[in-house]
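Q: Pasting a structure below so you can have a look.
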Amino acid sequence: MIDSSVFQGKKAVYHTLGCKLNFSETSTFAKSLEEMGVVEAGKDEPADICLINTCSVTEVADHKCRQAIHKLVRQNPNAFVVVTGCYAQLESEKVSNIEGVNLVLGANEKANLIQFLSDAWGKEHQYHSVKTKEIKTFQPSCSRGNRTRYFLKVQDGCNYFCTYCTIPYARGFSRNPSISSLVEQATKAAGEGGKEIVLTGVNIGEFGENSDESFLDLVKALDNVRGIERFRISSLEPDLMGDDLIEYCAGSRAFMPHFHIPLQSGSDKVLKLMHRRYDKDLFRRKVELIKKLMPDAFIGVDVMVGCRGEEPELFDECYDFLKSLDVTQLHVFPYSERPGTLALKIPYIVSDTEKKRRSKLLLDLSEEKRLAFYESHIGTLADVLFEKSNRGRAMHGFTRNYIRVELPASIARESYDNQIIKVRLKGFNHDKSALKAEILETP
Ligand code: SF4
């Protein structure tokens with residue numbers, strides 16, 4: 001039984017660390033609490049409930065989580081403090097021992113946040129988390145980011161166990177809801193005026209592992225949701241990106257020519273050490289097929305630098321491979337040691353200074369590629385979905401193939417918010433983070 005009187009008129013503050021999935025889950029927590037009568041505390045207003053949704057992707061992330069908890073406890077000495085998310089799952093006891101923390105919820109329990117909160121209210125600190133293989137719950141989540149896009153969680157967990165990663169321990173094995181429930185959530189988002197949805201998850205390509213529905217079935221079903229003009233897939237493992245999926249996206253109504261593929265290393269030897277399930281050749285074939293069918297596609301690639309075993313010549317091989325690939329942008333992550341992972345058994349260690357040097361080389365390469373991609377679009381026509389802006393500020397939006405577009409404050413209009421507008425792409429803006437645009441048709 002939920003004691004709703006606990007919540008009436010209470011003020012809450014939310015703090016999220018980590019990925020889009022976490023942000024989208026925090027919005028769901030906030031929505032559930034709002035339905036119980038909780039309002040968001042204003043800036044500098046003391047809160048009755050503090051909710052911190054944590055991340056544990058690196059050592060730095062763990063540290064930031066602890067800092068955020070301490071800060072919120074200090075700022076809200078009388079609040080009931082709830083901590084959830086990946087760090088809370090992996091280190092539940094440690095987190096519950098932080099002074100001021102009242103309740104710690106692991107990956108399985110967070111789906112029943114309201115019940116746990118109602119039960120624990122006013123009690124001594126408690127923590128709850130079950131073992132990885134017992135994590136079974138799926139917390140549905142479709143939330144509007146603070147801008148225009150919706151983030152629809154289509155999958156959670158991962159069965160891959162790459163040697164450097166703790167995500168499967170933190171989020172459990174892969175699981176997903178039915179296609180019909182996801183179509184329902186997308187339809188609701190369209191009803192609220194949403195035009196773009198990003199499909200999020202931990203390892204989205206594993207969708208349907210335990211059912212007779214596939215990720216491609218999901219994509220086809222969502223493509224029929226009227227009102228949603230744009231779908232983007234947040235990230236897809238190369239070995240799970242079927243050619244049939246790429247072919248479908250190329251001819252689809254609303255799936256955008258925009259892909260995000262984790263490569264992690266451009267050396268087959270390192271990919272093996274990481275227990276990744278593909279080699280360079282497969283990755284190149286996927287990129288080539290995308291570019292053959294969608295020459296204008298934006299392709300973002302995740303790369304990890306300085307992992308154990310990445311000897312200098314293997315990094316050089318990775319650099320050369322990336323340089324030769326027709327991709328648009330690199331998302332570069334320095335390797336971070338994670339307790340309990342198999343990677344710790346690999347003897348060769350890359351120093352922090354060398355990790356920084358390698359990151360810088362790849363970030364420079366990324367910028368070169370992105371600028372060349374943007375430049376090749378100057379003078380072309382594009383449809384831009386503009387995002388909510390603050391009055392008197394420049395306005396931004398994205399083309400179908402994810403080029404960031406800027407309208408200076410002088411021509412930005414409130415009426416462009418959340419509208420798809422035809423423009424001609426002009427030169428770079430002041431810091432080259434976007435292209436300027438000439439409006440061709442106003443709504
Ligand atoms: S695919 Fe590998 S890196 Fe990605 S979440 Fe699963 S185990 Fe971690």
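Read the figures in this text as sums done on the coordinates, not as results from a lab. Quick caveat, the model's predicted, so the values are computed rather than measured. No Cβ is skipped: glycine too gets one built from the backbone with ideal geometry, and neighbour counts run over all protein chains shown.
Q: Quick one: net charge of residue 229's neighbours, Cβ under 12 Å, K/R +1, D/E -1?
A: Working: positive: 149, 195, 226, 230, 232, 253, 400; negative: 196, 223, 383.
Result for the local shell: +4.
Q: Can you spot the aspartates and glutamates whose alpha carbon is less than 12 Å from residue 94's alpha carbon? Ignore those fewer than 8 places along the same chain.
A: 62
Q: Average projected area of the Cα convex hull of segment 257-390, in nm²?
A: Numbers: hull surface 42.6 nm².
Computed as one quarter of the Cα hull surface, the answer is 10.6 nm².
Q: Now, a different point. Please go through the residue pairs 64/291; 11/436; 195/286; 11/188; 269/369 and name each one whose alpha carbons sit more than 31 Å apart in this structure. The partial results should precede the final answer.
A: Values: 64/291 39 Å; 11/436 42 Å; 195/286 28 Å; 11/188 27 Å; 269/369 25 Å.
Those over the limit are 64/291; 11/436.
Q: Suppose R0 equals 51 Å. What FRET efficiency, 1/(1 + (r/R0)^6) with r the Cβ-Cβ distance, do residue 210 and residue 4 give to the nearest 0.05?
A: Values: r = 35 Å, r/R0 = 0.68.
The formula returns an efficiency of 0.90 here.
Q: Could you check how many percent of all C-alpha pairs in the chain are farther apart than 29 Å? Numbers along the way, then the final one.
A: On the way: 50819 of 97903 pairs.
When every Cα pair of the chain is considered, 52 percent fall beyond 29 Å.
Q: Rank these for me by crowding, 304, 395, 1, 36, going from fewest to most other beta carbons within 10 Å. List each step's numbers first, then the result.
A: Values: 304 26, 395 22, 1 6, 36 17.
The order, fewest Cβ neighbours first, is 1, 36, 395, 304.
Q: Give me, ordered by chain and number, the residues 5 or more places off residue 255 or on other chains with an amide H under 5 Å from its own placed amide H.
A: Those lying under 5 Å, H to H, from residue 255 are 231.
Q: Here's another thing I want to ask about it. How big is the antiparallel share of DSSP beta bridges in the chain, given as a percent to the nearest 5?
A: Details: 19 of 60 bridges.
If we restrict to bridges inside the chain, about 30 percent are antiparallel.
Q: Hey, what do the phi angles of segment 325-334 turn into as Karplus ³J(HN,Hα) couplings, whole Hz, using 6.51/-1.76/1.60 and θ = phi - 60°, x for Gly and Pro?
A: 8, 8, 10, 9, 8, 10, 9, 9, 10, x
Q: Across segment 36-50, in residue order, what do the Karplus-derived ³J(HN,Hα) couplings come to in whole Hz, using 6.51 cos²θ - 1.76 cosθ + 1.60 with θ = phi - 60° and x for Gly and Pro?
A: Running phi through 6.51 cos²θ - 1.76 cosθ + 1.60 with θ = phi - 60° gives 8, x, 8, 10, 7, 5, x, 4, 6, 8, x, 9, 8, 10, 10 Hz.
Q: OK, next. Return the tail of the calculated pair distribution for segment 331-443, meaning the percent of Cα-Cα pairs more than 23 Å apart.
A: Working: 2940 of 6328 pairs.
For segment 331-443, the fraction of Cα-Cα distances above 23 Å is 46 percent.
Q: Using the count of nearby Cβ atoms within 10 Å as a rough guide to exposure, how do 114, 228 rank from fewest to most? Write out the running numbers ahead of the final one.
A: Details: 114 18, 228 21.
In increasing order of surrounding Cβ atoms, one gets 114, 228.
Q: Between their Cα atoms, which of 71/323; 292/345; 43/123; 220/422; 43/388; 131/220 are more than 32 Å away from each other? It would help to have the intermediate numbers written out before the result.
A: Details: 71/323 43 Å; 292/345 41 Å; 43/123 27 Å; 220/422 26 Å; 43/388 21 Å; 131/220 35 Å.
71/323; 292/345; 131/220, as the Cα separations exceed 32 Å there.
Q: In what sequence do 283, 173 fall when counting other Cβ within 10 Å, fewest first?
A: Working: 283 24, 173 19.
If I rank by nearby Cβ atoms, fewest first, I get 173, 283.
Q: Which shape class applies to segment 1-136: rounded if a/c is under 1.5, otherwise prolate when a/b exceeds b/c and oblate if not, where a ≥ b ≥ c are the square roots of the Cα gyration tensor eigenvalues? Please list the in-between numbers first.
A: Working: a/c = 1.45, a/b = 1.22, b/c = 1.19.
Judged from the Cα gyration tensor, segment 1-136 comes out rounded (a/c under 1.5).
Q: Under a plain spin-label model, where a point goes 7 Å from the Cα along Cα-to-Cβ, how far apart in nm are residue 354 and residue 410?
A: 5.3
Q: What FRET efficiency comes out for residue 323 versus residue 296 if R0 is 25 angstrom and r is the Cβ-Cβ distance? Round to the nearest 0.05. If you can, show how the numbers build up before the last one.
A: Values: r = 21 Å, r/R0 = 0.83.
E(calc), rounded to 0.05, equals 0.75.
Q: If each DSSP helix of 4+ residues adds -39,500 (n - 2.57) and the sum is divided by the residues in the chain, what number results at 222 nm, nearest 500 deg cm²/dmol? Each step should come with its number before you reach the end.
A: Values: 13 runs with 144 residues, N = 443.
Result for the chain, helices only: -10000 deg cm²/dmol.
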